[in-house]
Structure formats: C-alpha cells, structure tokens
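Structure first, then comments.
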Amino acid sequence: MWIQGNWEKRQEGDFTNMDFELTDEQKMVKEMVRKFADEEIVPVARENDIKEHFPIEIIKKMAPLGLLGAPIPEKYGGGGLDFISDAIIFEEIGRADSSIRTTLSVQVSITELTILRWGTEEQKEKYLPWLCNGDILGCFALTEPCAGSDAANQSTTAIPTDKGWVINGTKTWISNGGIADIAIVFAQTDKTKKHKGIAAFIVERGTKGFTTREIKGKLGLRASNTAELIFEDCEVSKDALLGQVGDGFKIAMSALDNGRYGVASGCVGIIQGCIDTCAKYAKERHQFGKPIGSFQLIQEKIARMVVDCDASRLLVYRAGDLKNKGVKNTLETSIAKYFASEAAVRAATEAIQIFGAYGYSNEYPVERYLRDAKVATIYEGTSEIQKLIIGYHTLGIKAFI
Ligand code: COS
C-alpha cells in the first residue's frame, strides 16, 4: 500500500538529511589517499607482514598529507575535516594494510580525539600539533591482563601525592604501545568507587618507572606494534591528569565511540579489497574453459561481498553523520563496528575460497585480509560486547551487571 504521508513529507523536505553523494572535498580525499596507499603501502604490505616490521617510514610520509590529524581542528595542527572524510581515510588505508590503519586509528581516533574532547587547553596545545604532524605517536592504555571486556575492573592504581600521582600496574595488548611517545593511561584511584574512581593520565615515554615490552607472534596485524606497558612507582605530575578524577571510565567509553568507528571504516576497506582482488582474479583465472567469474557460485560470493560492503559503508556513514552533528552515536557506532567487522571476516573467508589454493598462500593478499579482519571482531570491544550494547539500547536491560 502506498503511504500518502511519505510523499508530502518528501515535498516538505521533512526527511533526515540523506545525501549519498560524496562532496567534492571527500572525493578528493578518497582519490588522494587511494593513490598514496596504492603507491606507498600496497607494494610493501606483504613484506612488512612477513617480517613483522612496523613501517614508521610510511607513517612519517602520511603526516605531510594531513592523514595523522584529519578531524582535528586546524588551530591544533589538524586538517579540520569532517567524520565522513575520516572514514574514507581509514577505509582506503584499511584496503591497503590494516596494520597501518590500526596505527592511524590509535593515533587519531583514540589519542588525539580523546585529548581534544577531555584535555585542558594546555594539554591540547602541548600534544595535538605534534601528534598531527607525526613528531610524536600516541597510544591508549585501557586493557589489562584481567580487564578486557570488563574494562571497569582496573587493577592499575594511581595514588595521589603532594606533587601528583604514583601509578602502578600493567597494561597489555596496547597498539602502538612499544613506539608511542605518550600513552593515555587509565588507573583506579579508589577501588570502593568502582568505575567512578577511574582516572585517565597522559604519561610520556621516558618517565621513570614506565617501561614497555613488545608482543610478537600475532595472527594478524603483524606489521603493527603491540606492547605491554609496565608502571612501577611511576610518578607523574598533576598536569598529567586528563579530565577530572572519576571521569576515566567515561573518557574510555567516549574514546571507544571514536575508536570503533575507525575499526568499522577499516573493515569496509578490507571488504572492498576482497571485492577488487576477487573481481580481477575471477576474470583472469580459467577453469573448464571459462573465466571462473562466469560461474554462478563465484558471482554469488562476490555479490554477497558487494552487499556487505555497501551495508557496512552506509552504517559507517550514518554513524559519521551523527558525529558531524555532535549527536551521541554509541549505538550506531556499535552497529557499524559489529556488522562491518563480521562482514570483513566473511568476505575474506570467501575471497580465499575464490582464490582456491592460491588464496591459502601469501602470494595474494586475501589470506592477510582474513588474519587482519579477525582481530576487528575482538579489539576495541568484541562482537559480543557490541551486541550487548545494541541489546541494552533496544531492551533497556543490562546483560553485563
Ligand atoms: N560515552 C560517554 N560515557 C559513557 C559511554 C559513552 N559511550 N558509555 C557509558 N558511559 C558512561 C555512562 O554514562 C555511565 O556514567 P555514570 O556512571 O555517570 O552514570 C558510565 O559510563 C558507566 O556506563 P555503563 O553502566 O553503561 O557501563 P557498563 O559498565 O555497563 O559498560 C561495557 C559495560 C561492556 C559496555 C563496557 O565495559 C565496554 O564497552 N567494554 C568493552 C571494553 C572494550 O572495548 N575494550 C577493548 C579494549 S580498549 S582498545
């Protein structure tokens, strides 16, 4: 049945602002980042993965293009770009190499945007311009050996002193942890207050009592840097506090709204990469006297990837649109992250199937896509956590207390 009201509403322009066309600026960003990724990242991605080499040289080349601070206001050295452009950057870098996309996400989404949102003017001026121009790298230290999904259960402590704070504890699985110049570190100041006792600190590398230990042997993201951070009577000044004492959990959760957006966008890139490589291969590879792309079962696999890619991208853009409007977007970001990360695993699995035995070797990038996609269903909140966030927003009932 035709619903009359819809047409009238449309005439009045009374629909959500939905414009599926990228702006000229966004198209320019896409073209520029794709060119950079194809020229600088794709040719060395395989080698870096094999050698577990963190390519600092590529990160440094991204800075002059403005990629290390795209959504940060120009007054702090950023590009002042919107969040759809931000997603486009993550997608294009993610299409080339998720290890580099991870480094970029940590730098921009959960370090810079967190300092921008919660930092004092002094902290913003002290750190943001150097993060944006790549002189320093950041990391986000929330996870602990016993605090993963249960992020509020922090064992790291921060005890106040006359001069500032003394931090003790261990963080683990920290992306960029071994090479970052600053770390946003979460610690408990008063266990009786549970999540309301958590505080966040900006701790600089070189501070006495702060050491790192690199974690090697990961299934994927092998060219990204992951480390354990160890704090032993690590003294920081009062100025190191980010936000107020007790704001720590909110800071972490709001940061993850941005971090999960970067992960979801990067997964769109993985799916797009699967489509591009599979479409090319399916036209070149012949079996039974025909290109395999002419077989219905191959077309079905590629069609599913295309649908997953479009759906993921649209979910990302919806979350990005809310971010541009400054509207709370935890639910929409969780939906995008959950869907896109699972879809990336599906796409990469099918991509290997299309490539057959060749897909099982690192001669082609599809096996790396699968290894890299898998972690996106785990880090920055597992798929299970995203579903519980979605469930809570739908039912109003918390499953995790
Ligand atoms: N932005 C700002 N504040 C937020 C927020 C957000 N997105 N989400 C929650 N908060 C605030 C709430 O408003 C609440 O504040 P008050 O105590 O003042 O009312 C506080 O944080 C606690 O919120 P809530 O009770 O909803 O949190 P839960 O303990 O129920 O959250 C989940 C549980 C599972 C959602 C959370 O622990 C989580 O996301 N875990 C996964 C952690 C993760 O992703 N780890 C990956 C490693 S980090 S790279």
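The values are calculated or read from the model by the stated rules, or taken from the named source; none is laboratory data. In this text, all values refer to a predicted model and were calculated from it rather than measured experimentally. A quick note on method: Cβ atoms are made from the backbone with ideal geometry, for glycine too, and the neighbour counts reach across all protein chains shown. Quick note on the areas: whole protein, heavy atoms, side chains included, nothing else; ligands and nucleic acids left out. Shrake-Rupley method; radii C 1.70, N 1.55, O 1.52, S 1.80 Å.
Restricting the range 301-358 to trypsin sites (Lys or Arg not before Pro) that sit in a DSSP loop and have at most 15 other Cβ atoms within 10 Å of their own Cβ leaves LYS325, LYS328. Mean residue ellipticity, 222 nm, helices only, the chain: the sum of -39500 (n - 2.57) across DSSP H runs of n ≥ 4, divided by residue count and rounded to 500, is -16000 deg cm²/dmol.
Length gained on full extension, THR211 to ASN324, computed as 0.36 nm times the residue gap minus the Cα-Cα distance: 36.9 nm. Applying 1/(1 + (r/R0)^6) with r as the Cβ-Cβ distance of LYS75 and GLU21 and R0 = 25 angstrom yields a FRET efficiency of 0.25. Exceedance of the 25 Å cut-off in Cα-Cα distance is limited, within the set LYS171/LYS193; LYS280/LYS323; LYS171/LYS374; LYS27/LYS337; LYS280/LYS337, to LYS280/LYS323; LYS280/LYS337. The mean of 1/r over all distinct Cα pairs in the range 139-247, once inverted, gives the Kirkwood hydrodynamic radius of 13.9 Å. Candidate cross-link partners of LYS194 among the aspartates and glutamates, defined by an alpha-carbon separation under 17 Å and a same-chain spacing of 8 or more, comprise GLU144, ASP150, ASP247. For the chain, relative contact order (Cα pairs under 8 Å, six or more residues apart, normalised by length) works out to 15 percent. Protection proxy ranking of 283-290, 352-359, by the mean of other Cβ atoms within 10 Å over each peptide's residues and highest first, is 352-359, 283-290. Average accessible surface for the chain: 47 Å² per residue, computed with a 1.4 Å probe over protein heavy atoms with every protein chain in place.
Across the range 26-41, rounded Karplus estimates of 3J(HN,Hα) from the backbone phi angles (6.51 cos²θ - 1.76 cosθ + 1.60, θ = phi - 60°) give 5, 5, 5, 4, 4, 4, 5, 5, 4, 4, 4, 5, 5, 7, 9, 9 Hz, Gly and Pro being marked x. Ranked by the mean number of other Cβ atoms within 10 Å of their residues, highest first, the peptides 156-167, 22-33 come out as 156-167, 22-33. Using C-alpha pairs under 8 Å with a sequence gap of at least 6, the mean separation divided by the residue count of the range 256-373 gives a relative contact order of 34 percent. Measuring r between the beta carbons of LYS238 and SER361 and using R0 = 60 Å, the FRET efficiency lands at 0.65. Coupling constants for the range 294-311 follow from the phi torsions by the Karplus curve (6.51 cos²θ - 1.76 cosθ + 1.60, θ = phi - 60°), and in residue order they are 7, 7, 4, 5, 6, 4, 4, 4, 5, 4, 5, 5, 5, 5, 4, 5, 4, 4 Hz; glycine and proline get x.
Close amide-amide hydrogen proximity is noted between LEU242 and ALA200, PHE201, ILE202, each under 5 Å apart and 5 or more residues distant or on a separate chain (H modeled in the peptide plane; Pro and chain starts excluded). How many angstrom lie between the Cα centre of the range 95-141 and the Cα centre of the range 259-289? So the separation of the two Cα centres works out to 29 Å. Each residue of the range 334-346 was assigned a 3J(HN,Hα) from its phi angle through the Karplus curve 6.51 cos²θ - 1.76 cosθ + 1.60 (θ = phi - 60°); the sequence is 5, 4, 5, 5, 4, 5, 5, 5, 5, 5, 5, 5, 4 Hz, with glycine and proline shown as x.
Taking a straight line from the alpha carbon of LYS61, these lysines sit under 18 Å away, with near neighbours fewer than eight places off in the same chain left out: LYS30, LYS35. Taking Cα centre as origin and charging only the Cβ of basic (Lys, Arg, +1) and acidic (Asp, Glu, -1) residues, the dipole magnitude of the range 80-225 rounds to 660 debye. Solvent-accessible area assigned to carbon and sulfur over the chain amounts to 56 percent, based on a 1.4 Å probe.
Here the spin labels are modelled as points 7 Å beyond Cα on the Cα-Cβ line, and at THR394 and GLU284 they lie 4.2 nm apart. The angle separating the long axis of helix 83-96 from the principal Cα axis of greatest extent in the chain is about 70 degrees.
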